[in-house]
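The values are calculated or read from the model by the stated rules, or taken from the named source; none is laboratory data. Remember, predicted model here, so these are calculated numbers, not experimental data. Neighbour counts run over all protein chains shown; Cβ positions are idealised from the backbone, glycine included.
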Amino acid sequence: MESGVKLLLLLLISFSVSIYIFFALRSSSSFASQHYGRTPLISISRSLTGLFPKEALPTKSGYLSINPSASSSAIFYAFYEALKPTSSSLSQTPLLVWLQGGPGCSSMYGNFLELGPWRVNFHNNDADSFILQRNPGSWNRKFGVIFLDNPIGTGFSIAATPQEIPRDELSVAKHLFIAITAFMELNPSFKSRPVYIAGESYAGKYVPAIGYYILKKNAGQLSEHRRSINFAGIAIGNGLTDPVTQVGTHALNAYFSGLINQRQKGQLEKIQSEAIRFAKMELWGEATNARYAIMDSLQSMTGLATMYDYTKKAPYKIGLVTDFLQNKKVKRALGVKESVGFTKCSDAVKAALHEDVMKSVKEMVEYLLVRKSKVLLYQGQFDLWDGVVSTEAWVETLRWEEIGKFMSAERKVWKNMNTGELAGYVQKWRNLSNVVFFGAGHLVPADQPLNSQAMIEDWVSDQGLFGDLNLWG
């Protein structure tokens, strides 16, 4: 009799748990459908399975050594092959290299928060588990995408010693060149594929630097690392590229956005002048400190949840991605070395590049333009760090014979082809294009995934607003 009662109790408990799980999953599915559409969801529980599902794994991932004979320093990469290649032959399908900013922030944020094939989100508000949700706006729909944790010491990348972390953009570019060429050697078909370098924020310096370095190398003007890359162009999102010019725009931008008054505008302009003065004196550390003081003051004056998008009520979900990437089983699935920890942005890298912050790479962009490389600039309209006004200020100072025609070129209204809704504005002349995203902040692909996907696909393929030569000269 006693054993029968125990059996009955066990059956009742099992039934109750099953009912609870059914309704929990139903609730989670309803939440996901309501907020994200009916895209596939994969749960990863830290306390239960903790496994990275096969369908969300990179095509390849691991480490690219910087100097294998002398150091253990290496750049971590995650590569996702094109889902629907633009060419019948993968050897002709473009490759996009993605670099995050910071300095010192991991490109895994670009991967799992912005433009990778899968995004991280909470599992129905359960802090003990994550959801990987397929990203309908992923940039690897038509192209292969390589995420690099750059410079060494960033994200999952390894810096054998702090002294090996680059302290200027040319050193950053040398490491990137070694890493990209090492990646090309993983598969013979990679070497013939057109390569585009893209990135956002502080990568507004990395991206032109590696593009410049590749062109110089391909022209035989640099003696090291004699392996060429089929370089095609660069794309910079909300980039810090010419800081001395850009730093002078913050007060004006905030004032005309209605975020500060005239008195506060004057206070910010004083700090801006100080930053510019230090930069012109080549007191780079002091100039960097002054720039940070501007942004700290602006944050204090406005009280915004985030200056990366002044319309948001809460910051981007960066902490969620950080928790995900610190999970041991996720790290193992990605091919990360067990000894490597993960922090959102590396203090060591930020310190190493402290005196680089206010230095310009505008001349490298000019070099690319003169040599007919494609250059795409894009910004979310709500960004207070490196937004629309900041970009236009330095672009108009470019020493490029076509800049006058670019500045006078028509700025066309861009609408989503499927919905007819306003997507933004596009201005183009020859090999220079600039796109402003409506309804986006600093992290454009996170805010406007489908529109950012349409932009990168049309720009690479010279289609849509980027392909009409009669309109664009």
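Brief remarks on what is shown
- Residue satisfying all of: in the stretch 185-208; outside any helix (DSSP H, G or I) and under 16 Å from the mean Cα position of the chain (by Cα); farthest from G387 (Cα to Cα) among these: Y196
- Selection within the stretch 64-92: residues that are touching a Lys or Arg at 6+ places or on another chain (Cβ under 7 Å) and closer than 20 Å to A179 by Cα. The member of this set that is surrounded by the fewest Cβ atoms within 10 Å (Cβ to Cβ) is S91.
- If you go through the stretch 135-146 and keep only what is in a loop (DSSP other than H, G, I, E, B) and under 17 Å from R119 (Cβ atoms), you end up with N135, P136, G137, S138, W139, N140, R141.
- Residue within the stretch 293-304 that is more than 24 Å from T154 (Cα to Cα) and either part of a loop (DSSP other than H, G, I, E, B) or assigned by TED's automatic domain parsing to the domain that holds Q133 (or both) present: yes
Okay, residues lined up against (1) among the hydrophobic types (A, V, I, L, M, F, W, C); (2) under 25 Å from G441 (Cβ atoms):
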residue	(1), (2)
M358	yes, yes
E363	no, no
L369	yes, no
F382	yes, yes
K412	no, yes
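- In the stretch 396-473, counting only strands (runs of 3 or more DSSP E) that sit wholly within it, the ones holding 1 or more residues that are small (G, A, S) span 422-429, 432-437.
- Reported count of residues in the stretch 378-389, each being surrounded by 24 or more Cβ atoms within 10 Å (Cβ to Cβ) and either closer than 25 Å to L96 by Cβ or touching a strand residue (DSSP E or B) at 6+ places or on another chain (Cβ under 9 Å) (or both), is 6.
- Only one entry in A198, A235, A203 is among the small types (G, A, S), buried (at least 22 other Cβ atoms within 10 Å of the Cβ), farther than 21 Å from P166 by Cβ and in contact with a strand residue (DSSP E or B) (Cβ under 9 Å, 6 or more places away or on another chain), namely A235.
- Any hit, the stretch 422-436, residues being at pLDDT 95 or above, crowded, with 23+ Cβ neighbours inside 10 Å and of a type in the set (S, T, Y): yes
- Residue list for the stretch 147-173, filter: closer than 13 Å to G104 by Cα, in a strand (DSSP E or B) and touching a helix residue (DSSP H, G or I) at 6+ places or on another chain (Cβ under 7 Å): L148
- Output for the stretch 317-373, where each listed residue is assigned to a helix (DSSP H, G or I) and in contact with a Lys or Arg (Cβ under 6 Å, 6 or more places away or on another chain): T322, A352, E366
- Scope the stretch 163-173; condition closer than 15 Å to L99 by Cβ and surrounded by 20 or more Cβ atoms within 10 Å (Cβ to Cβ); matching residues: P166, E169, V172, A173
- Here A182 meets each of (1) crowded, with 20+ Cβ neighbours inside 10 Å; (2) not in a loop (DSSP other than H, G, I, E, B) with one exception, condition (1).
- Yes/no for I229 being among the β-branched types (V, I, T), in a loop (DSSP other than H, G, I, E, B) and outside the structural domain of C345 (by TED's automatic domain parsing): no
- Remark: pairs (first residue in the stretch 132-159, under 17 Å from S61 (Cβ atoms); second residue among the charged types (D, E, K, R) and in a loop (DSSP other than H, G, I, E, B); Cβ separation under 6 Å; 6+ apart in sequence or on different chains) = G144/E81; G155/D149; F156/D149; S157/D149.
- A search for C-beta distances below 9 Å between a residue of the stretch 326-339 that is closer than 16 Å to Y80 by Cβ and in the same structural domain as G62 (by TED's automatic domain parsing) and any residue that is in a loop (DSSP other than H, G, I, E, B) and acidic (D, E), counting only pairs 6+ apart in sequence or on different chains, returns nothing.
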